[in-house]
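Bear in mind that the values in this text are calculations on the coordinates, not laboratory data. None of the values given here were measured: they were computed from a predicted structure. Methodologically, a virtual Cβ is constructed for each residue, glycine included, from the backbone with ideal geometry; neighbour enumeration extends over all protein chains shown.
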Amino acid sequence: MEPDSGRRGRTTLVTRSASGASGNGLSWGGIPLGDGSHVLFTSAATNLGVDPGDGRAHLFVRCPGRC
């Protein structure tokens with residue numbers, strides 16, 4: 001399956017909270033998955049999802065376009 005040509009050459013910040021705020025901690029290791037419609041990354045930010053309060057970094061999957 002070819003990646004959506006509408007996303008080629010564009011940079012999209014995927015480390016955003018549900019409210020649209022940027023992540024409040026370091027994020028790294030962004031890897032496109034499958035056809036490129038999803039991105040897997042690791043983050044120590046506490047505002048990107050439910051924060052279990054364990055002080056550890058967690059894995060996230062985001063869909064920067066239409067999913």
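Under the combined filter of DSSP loop state and at most 16 neighbouring Cβ atoms within 10 Å, region 28-67 retains these trypsin sites (Lys or Arg not before Pro): ARG56, ARG66.
Net charge dipole, the chain: roughly 200 debye, given to the nearest 20, about the Cα centre with Cβ charges of +1 for Lys and Arg and -1 for Asp and Glu.
Would you be so kind as to identify which of ASN24, ALA44, GLY9 lies farthest towards the positive end of the dipole of the chain, taking Lys and Arg as +1 and Asp and Glu as -1 on Cβ and the Cα centre as origin? Final value for the positive-end residue is GLY9.
Could you tell me the ratio Rg/Rh of the chain? Both radii from Cα atoms, Rh via Kirkwood.
1.00
The relative contact order of the chain, computed from alpha carbon pairs under 8 Å that lie at least 6 residues apart in sequence, is 31 percent.
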